[in-house]
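Reviewing the structure listed below.
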Amino acid sequence: MSRAVGVGDLLAGLGDPFVVLAALLTQLGDAWFLALVVAVTYWYGPVTDAIDRRRAALVVACLFGGLAALVVLKPLVGLPRPPGAGTPPETALVPSALDPVYAWMATGDGYGVPSGHALGSTVVYGALAWALDWGRRRTRIAAAAAVVTVVALTRLVLGVHYLADVIAGAAVGLVVVALVVRVLETPGRAFAGATLVGLAGVPLVAVVAAHEFVPAHESLHDVVATVGVCAGATAAWFAVGDRRPIPTRRGALATVLLGAVTALPLLTIASLWTDGGALAAALGAAGGILLVVAPLAGERLAGAIGSSRPVGH
């Protein structure tokens, strides 16, 4: 039985405006955007009344746990994407100068199950619906479900996933959120759980790769880099997680700036690095550590700057 069940073909024929809109909206579930959302929530959210640092850390842990599950499951399941997933849908609405950007936004590579966009959007927006103290929980859950549905539909419109792929991604994402918030409950345990999932995946993916079912270099790189990120976050939380300073607006702004120039670039480089798994793991670990400790460093930096100002200024 086809995983597409005809839905992908139907949606893909909606026309150029829908394809371009799908390429834009699918970024709501892309790794770069989800990482930015959880990082800013963790760094800046506690100065608002919507979330505290511990719950914000659990949102980060949900993303890391989902990422660990994703990089392990994809090569183990090993099912392909739809034909042509690596070629962007043709459209006359995108200027030729933007073709590389459009191609990056509208294509997919690697294996198809589970959908990373569906999984990632489920863990992040689902965790936010649980963690935020903003409006009614029922409303937050409905909003999260709507965003996940939109992201899932964009993957079908773009032809980069089958329907079963996005359903599987959302299902795995729901399991990750439930485990983090109902079973593990604390950031330290949640970060450690994500690390263990990644570590367990290293020999499994290595065995599969040894039988040439998956590209060994690429698959193992993804798992090793993810283990580094999760392990770094785990170590940092157990080291300084309880040393949570009272958040200030100035300190939160300093935290966002510090994180934007340290943690986020390192995490990006770790995800893209292809020459050596050990270095990718080290870069990921550094990024995970800096993401977690950024609030402490930001508050101290803001305090130092404030105390150094001359009296009367």
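Nothing in this text is a laboratory measurement; each read-out follows from the coordinates by a stated rule. Just so it is clear, the structure is predicted and the values come from calculations on it, not from any experiment. Positions of Cβ are backbone-derived with ideal geometry, glycine not excepted, and every protein chain shown enters the neighbour counts.
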At q = 0.16, 0.19, 0.20, 0.21 1/Å the base-10 log of I(q)/I(0) from the Debye formula over the alpha-carbon atoms of region 169-300 is -0.88, -1.11, -1.17, -1.22
With 10 angstrom as the radius, rank 51, 305 by how many other C-beta atoms surround their C-beta, starting from the fewest.
305, 51
Determine the dipole magnitude for region 145-233: charges of +1 sit on the beta-carbon of Lys and Arg, -1 on that of Asp and Glu, nothing else is charged, the reference point is the Cα centre, and the result goes in debye to the nearest 20.
280
How many angstrom lie between the C-alpha centres of region 229-298 and region 13-59?
18
Just going by the charge dipole of region 122-271, with Lys and Arg at +1 and Asp and Glu at -1 on Cβ, which of 232, 156, 125 is farthest out on the positive end?
125
Quick check: the angle from helix 216-240's long axis to the longest principal axis of the chain, C-alpha only, nearest 10 degrees?
20
Of all chymotrypsin sites (Phe, Trp or Tyr not before Pro) in region 172-267, which ones are in loop regions per DSSP and have a Cβ with at most 16 other Cβ atoms within 10 Å?
213
Karplus (6.51, -1.76, 1.60) ³J(HN,Hα), θ = phi - 60°, over region 278-289, in Hz, Gly and Pro reported as x:
4, 5, 4, 5, 5, 5, x, 4, 4, x, x, 5
Of 22, 301, 88, which is farthest on the positive side of the dipole of the chain, counting Cα position, with +1 on Lys and Arg Cβ, -1 on Asp and Glu Cβ, and the Cα centre as origin?
301
Using a/c under 1.5 as the rounded threshold, could you call region 121-225 rounded, prolate or oblate? The axes a ≥ b ≥ c are square roots of the C-alpha gyration tensor eigenvalues, and prolate needs a/b larger than b/c, oblate otherwise.
oblate
Report relative contact order for region 7-305 in percent, whole number only (criteria: Cα-Cα under 8 Å, sequence separation at least 6).
23
Could you go through region 112-121 in sequence order and give the Karplus-derived ³J(HN,Hα) for each residue, using 6.51 cos²θ - 1.76 cosθ + 1.60 with θ = phi - 60°, rounded to whole Hz, and x for Gly and Pro?
x, 10, x, 5, x, 5, 5, 5, x, 5
Residue separation times 0.36 nm, minus the C-alpha to C-alpha distance between residue 36 and residue 150: what's the value?
39.1 nm
Any chance you could give the angle, 0 to 90 degrees and rounded to 10, that helix 187-210 forms with the longest Cα principal axis of the chain?
40
Percent relative contact order of region 157-271, based on C-alpha pairs within less than 8 angstrom and at least six residues apart?
24
Assertion target for 291, 257, ordered by fewest C-beta neighbours within 10 angstrom first, is 257, 291
How much length, in nm to one decimal, is gained on full extension between residue 272 and residue 202, taken as 0.36 nm per residue of separation minus their Cα-Cα distance?
23.4 nm
Report the charge-dipole magnitude of the chain in Debye, nearest 20, computed about the Cα centre from +1 at each Lys and Arg Cβ and -1 at each Asp and Glu Cβ.
1320
Both in Å, the radius of gyration and Dmax of the C-alpha trace of the chain are 20.1, 75
Roughly what would the spin-label model give for residue 253 and residue 101, points 7 Å off Cα along C-beta, in nm?
2.9
The helix 263-272 Cα axis meets the longest alpha-carbon principal axis of the chain at an angle in degrees, between 0 and 90 and rounded to 10, of 30
Based on the Cα coordinates of region 94-143, what is the per residue volume of their convex hull in Å³?
120
Can you list the HN-Hα couplings for region 161-175, worked out from phi with the Karplus curve (6.51, -1.76, 1.60; θ = phi - 60°), rounded to whole Hz and with x for Gly and Pro?
8, 8, 4, 4, 5, 6, 5, 4, x, 5, 5, 5, x, 5, 5
